[in-house]
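A.B. asks: Structure provided below as structure tokens; questions to follow.
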Amino acid sequence: MLYFLLALAGLGIGVLGSLLGIGGGIFVVPLLLLSGLVATPQEAAGTSIVGVLATGISASVAYLLRGKTPWRVSLSLMPGALAGSFLGAHFAGRVASAALTLAFGLFLLYPAGVLLLGREPKELVRARGGRARPVWAWALVGLAAGAAGSLFGIGGGVIMVPALVWLGLPMLEAVAGSLLVMVPTAALTTALHALAGRTHWDLALPLAGGILVGAQLGPLLAVRLPQRTLRRLFALVLLYSAANMIRKGLGA
């Protein structure tokens, strides 16, 4: 019965993860921790990232078939994201569990607040006249997203999507680009966490199975939703996860 419920949860998480470009980890990590299925945030991250990989693979195929993926942007982000993934997994076992959980919740609050207004992060700063972004900007986004995704088991989309929007991409392309970058980074992170013994495969596989199916449905909805609605949905997801993880980190 547990595995059926995990697969069902994975179905819903796959829809939201592929719709918003976040990989679904911000749901899986609280689910595993708050239900007591795993004991530490590190184990939650190691188990969750398997689902993130499933989301990235399934949703990327769906977006690629619809011609929505910004190839050049995704390829520019990948080197930094892979380096960040390695660093995040390396430090995951060296950070106190409570601090890691609290940090996870706190870093979600800024993009959540901006997007809840239906605005884009780029609207809060002076426009740059459509100038091309320097290579270091893409590398920095990839590094931060890869490190966060690996450290917290969330795929990095919560950083990557708002950052790509600020750098000038439409929301839908930011979602599709984020998901494509997740494929190699989540694959690397999955291997690193598994080698460190942090992955509960009995929980990860049912979740991933449901996510593979659900991730095909998100892109169907994404191309039909207004950009402002998509941003607000993304914000609600971030606030949900932030509240749960801050409460957990503070021991409430």
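The values are calculated or read from the model by the stated rules, or taken from the named source; none is laboratory data. Remember, predicted model here, so these are calculated numbers, not experimental data. Glycine also receives a Cβ, built like all others from the backbone with ideal geometry; neighbour counts cover every protein chain displayed.
A.B. asks: If you check every pair at least six apart or on different chains, which have Cβ atoms under 7 Å apart with a residue in segment 226-247 that is over 14 Å from MET171 (Cβ atoms) first and a residue that is in a helix (DSSP H, G or I) and polar (S, T, N, Q) second?
C.D. replies: MET245/THR101
A.B. asks: Just for segment 226-251: of the residues that are polar (S, T, N, Q) and under 23 Å from ALA44 (Cβ atoms), which one is farthest from the chain's Cα centre (by Cα)?
C.D. replies: Residues of segment 226-251 polar (S, T, N, Q): 227, 229, 241, 244.
Right, trim to under 23 Å from ALA44 (Cβ atoms) and you get 241, 244.
Numbers: SER241: 12, ASN244: 16 Å.
Ranking the qualifying residues of segment 226-251, first place goes to ASN244.
A.B. asks: Is it the case that segment 197-209 has a residue that's over 23 Å from LEU8 (Cα atoms), more than 18 Å from the chain's Cα centre (by Cα) and either assigned to a helix (DSSP H, G or I) or among the aromatic types (Phe, Trp, Tyr) (or both)?
C.D. replies: For segment 197-209, residues over 23 Å from LEU8 (Cα atoms), more than 18 Å from the chain's Cα centre (by Cα) and either assigned to a helix (DSSP H, G or I) or among the aromatic types (Phe, Trp, Tyr) (or both): absent.
A.B. asks: Continuing with the same structure: Would you confirm whether or not segment 70-80 contains a residue that is outside any helix (DSSP H, G or I), among the charged types (D, E, K, R) and either surrounded by fewer than 20 Cβ atoms within 10 Å (Cβ to Cβ) or modelled with pLDDT under 85 (or both)?
C.D. replies: First, pick out the residues of segment 70-80 that are outside any helix (DSSP H, G or I): 70.
Now narrow it down to the ones that are among the charged types (D, E, K, R): none.
No, the conditions are met nowhere in segment 70-80.
A.B. asks: Can you name the number of the only condition in (1) closer than 18 Å to ILE26 by Cβ; (2) modelled with pLDDT under 85; (3) hydrophobic (A, V, I, L, M, F, W, C); (4) in a helix (DSSP H, G or I) that ALA137 fails?
C.D. replies: Condition not satisfied by ALA137: (1).
A.B. asks: Failed condition for LEU169, given (1) in a loop (DSSP other than H, G, I, E, B); (2) closer than 12 Å to SER18 by Cα; (3) of a type outside the set (S, T, N, Q); (4) modelled with pLDDT of 80 or more, with all others met?
C.D. replies: LEU169 satisfies all of (1) in a loop (DSSP other than H, G, I, E, B); (2) closer than 12 Å to SER18 by Cα; (3) of a type outside the set (S, T, N, Q); (4) modelled with pLDDT of 80 or more except (2).
A.B. asks: Given the conditions (1) farther than 30 Å from TRP166 by Cβ; (2) modelled with pLDDT under 90, report the number of the one that LEU195 does not fulfil.
C.D. replies: For LEU195, the exception is condition (2).
The rows are residues; the columns are (1) touching a residue at least 40 places away in the same chain (Cβ under 8 Å); (2) farther than 25 Å from ARG94 by Cα.
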| residue | (1), (2) |
| --- | --- |
| GLY17 | yes, yes |
| LEU20 | yes, yes |
| GLY24 | yes, no |
| PHE27 | yes, no |
| PRO30 | yes, no |
| GLY36 | no, no |
| ILE49 | yes, no |
| VAL52 | yes, no |
